[in-house]
Amino acid sequence: MNIAAILAKAETSSKASLNRLLELLRIASISTDPAYAAQCDEAAAWLVKELSALGFAAAAHNTPGRPMVVAHYTPKAANAKTPHVLFYGHYDVQPVDPLELWHTKPFEPEIRNGKLYGRGTSDDKGQLMTFVEAARAWLEATGDLPIKATFLIEGEEESGSPSLVPFLKTHKAELACDIAFVCDTNMWDEKTPAITTRLRGLVHEEVEVTGPSLDLHSGLYGGPARNPIKALSAMIAALHDKNGKVTIPGFYQGVAPLPKATKKQWSKLKLNEKKLLASIGLKSLAGEKGYSLLEQTWARPTAEVNGMWGGYIGAGSKTVLPAKANAKFTFRLVGKQNPQKILKAFQAFAKKHMPKDAKITFSGKGGGAPASEVPENNAYIIKSAAALKEEWGREAVLMGSGGSIPIVRHFKDILGMDSVLVGFALNDDAIHSPNEKYNLTSFQRGIKSWVRIIGELAK
């Protein structure tokens, strides 16, 4: 196995690889807006064409939403011991609003100062194409891949993946592999690779509190009449104690202490908490007392209010007591917390904190997914970390993520396989925001990193 020759092929093909990424980025594949359904179809077809040209058996599968791209490759000399790896990514992107804040047109990607700007550059087309181009380098340099490879590329990740679970269940036999690799996460910094080993789960809820049967004149009824905004605010204020701990009964069931070895490794990262907070205009750490910023973000659950509204919010003054008030909540979960139990516990808590003449109702659309953790001694993590060290010259950080990637849990629960999350995005990539970018080094060295990981997997 001549890894040097394959890396050389990736290097000499870097301009062509970038041009292919630019082609994909020009397709406005926004999954949340039905007006862009044709562009999502176009992106799926583009990927099928590219993968088919590489020798994959590729097809775009119709779903009730956007197409699901599936592609398979079996090496010529494959046998029962040849590892079978699934690579996952998504071709859909976020909407571009507010358009006026973009410095360039979102779907006319532009390179400036070693950075590629445009919607989807980092999330997730640039990351996805590191997989594809690494496979291309192997095939062009050696004529074959040393592993069985399956690509699963969805088109609804940015709109909640409504078609994903039914698709996984229907195609379970076809998609089951030894391990899944997901390229939709970050490096620790621009010079230090990382593998994300834990993801927080998520459950959400929306409530409406009603009081009087109609909006009331605050001069006539202010005082004696129940104000739903005040009732809702009091319930929200009761969600946390003075130390930042969530007060919902049973909320911490399933939350285990952070292993000492993991805590020690995170402390060695020497994160400058003050500098990070200052970058977002803050001065002090707000979460649970007794936990570092990384612990709060990666290993502790949260209860957050994402939006609250009620009464008159237009220009000027309107002296009114509103008939109703609303709020949206999300709960980030860790360990073995059960999303449905958390949801029911919150609903019971909210009802208990409603005063007389205030009625609370729930959206009933909580959904949710539990947290995911992959042991750091997983053989695929060890191989991937070794490959990343070879490419970047630094030990890969085994880190957590405050976010949620439900597909990881679905792979485990439906397909029975763990996931290794290796990504090359950076914290300043502005994903989901105007002026999204992806460093060219992330793209180019990301390709070479996957070349090395594929080689490690084949050993």
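The values are calculated or read from the model by the stated rules, or taken from the named source; none is laboratory data. The structure presented is a predicted model; accordingly, all values stated were derived computationally and were not measured. Virtual Cβ from ideal backbone geometry, glycine too; neighbours counted across all protein chains shown.
Quick notes
- Of the residues making up the range 10-66, those that are basic (Lys, Arg), under 24 Å from residue 163 (Cα atoms) and surrounded by 15 or more Cβ atoms within 10 Å (Cβ to Cβ) number 1.
- Whichever residue in the range 123-161 is assigned to a strand (DSSP E or B) and of a type in the set (A, V, I, L, M) and, among such residues, is farthest from residue 431 (Cα to Cα): 149
- Selected residue (only one of 390, 373, 395 is of a type in the set (Asp, Glu) and under 29 Å from residue 156 (Cα atoms)): 373
- The helices (runs of 4 or more DSSP H) located wholly in the range 233-325 that include 1 or more residues which are over 24 Å from the mean Cα position of the chain (by Cα) occupy 260-267, 273-278.
- Residues in the range 172-184 that are touching a residue at least 60 places away in the same chain (Cβ under 8 Å) and outside any loop (DSSP other than H, G, I, E, B) were compared, and the one that is farthest from residue 445 (Cα to Cα) is 172.
- Qualifying residue in the range 351-370 (condition: part of a helix (DSSP H, G or I), touching a Gly at 6+ places or on another chain (Cβ under 9 Å) and either over 16 Å from residue 198 (Cα atoms) or touching a residue at least 24 places away in the same chain (Cβ under 8 Å) (or both)): no
- Residues satisfying the stated conditions in the range 246-285, i.e. buried (at least 17 other Cβ atoms within 10 Å of the Cβ) and either closer than 29 Å to residue 344 by Cα or free of Cβ contacts under 8 Å to residues at least 24 places away in the same chain (or both): 246, 248, 251, 254, 258
- Checked against (1) within 20 Å of the chain's Cα centre (by Cα); (2) in a strand (DSSP E or B); (3) under 30 Å from residue 2 (Cα atoms); (4) β-branched (Val, Ile, Thr), residue 69 passes all but a single condition, namely (3).
- Here residue 400 meets each of (1) touching a helix residue (DSSP H, G or I) at 6+ places or on another chain (Cβ under 7 Å); (2) in a helix (DSSP H, G or I) with one exception, condition (2).
- For residue 422, the conditions (1) modelled with pLDDT under 95; (2) surrounded by 23 or more Cβ atoms within 10 Å (Cβ to Cβ) are fulfilled apart from (1).
- Residue-level check: of (1) at pLDDT 95 or above; (2) part of a strand (DSSP E or B), residue 169 misses just (2).
- Screening the range 379-399 for residues that are closer than 9 Å to residue 449 by Cα and hydrophobic (A, V, I, L, M, F, W, C) and picking the one that is surrounded by the most Cβ atoms within 10 Å (Cβ to Cβ) gives 388.
- Any hit, the range 150-166, residues being surrounded by fewer than 16 Cβ atoms within 10 Å (Cβ to Cβ), touching a residue at least 60 places away in the same chain (Cβ under 8 Å) and either among the acidic types (Asp, Glu) or under 19 Å from residue 452 (Cβ atoms) (or both): no
- Considering the range 371-397, and only residues there that are in contact with a Ser or Thr (Cβ under 6 Å, 6 or more places away or on another chain) and in a loop (DSSP other than H, G, I, E, B), the residue that is nearest to residue 424 (Cα to Cα) turns out to be 394.
- Which listed residue is surrounded by fewer than 17 Cβ atoms within 10 Å (Cβ to Cβ) and within 19 Å of residue 143 (Cβ to Cβ), from 105, 76, 81: 76
- Output for the range 349-366, where each listed residue is surrounded by 16 or more Cβ atoms within 10 Å (Cβ to Cβ) and modelled with pLDDT under 90: 366
- Restricting the range 2-43 to residues that are of a type outside the set (S, T, N, Q), touching a helix residue (DSSP H, G or I) at 6+ places or on another chain (Cβ under 6 Å) and in a loop (DSSP other than H, G, I, E, B), the residue that is nearest to residue 94 (Cα to Cα): 28
- All positions within the range 345-391 that are of a type in the set (D, E, K, R) and on the phi > 0 side of the Ramachandran plot: 357
- If you check 175, 199 for being within 30 Å of residue 33 (Cα to Cα), buried (at least 23 other Cβ atoms within 10 Å of the Cβ) and either of a type in the set (A, V, I, L, M) or not assigned by TED's automatic domain parsing to the domain that holds residue 63 (or both), only one passes: 199.
- Scanning the range 51-62 for residues that are touching a residue at least 12 places away in the same chain (Cβ under 8 Å), part of a helix (DSSP H, G or I) and of a type outside the set (Asp, Glu) turns up at least one hit.
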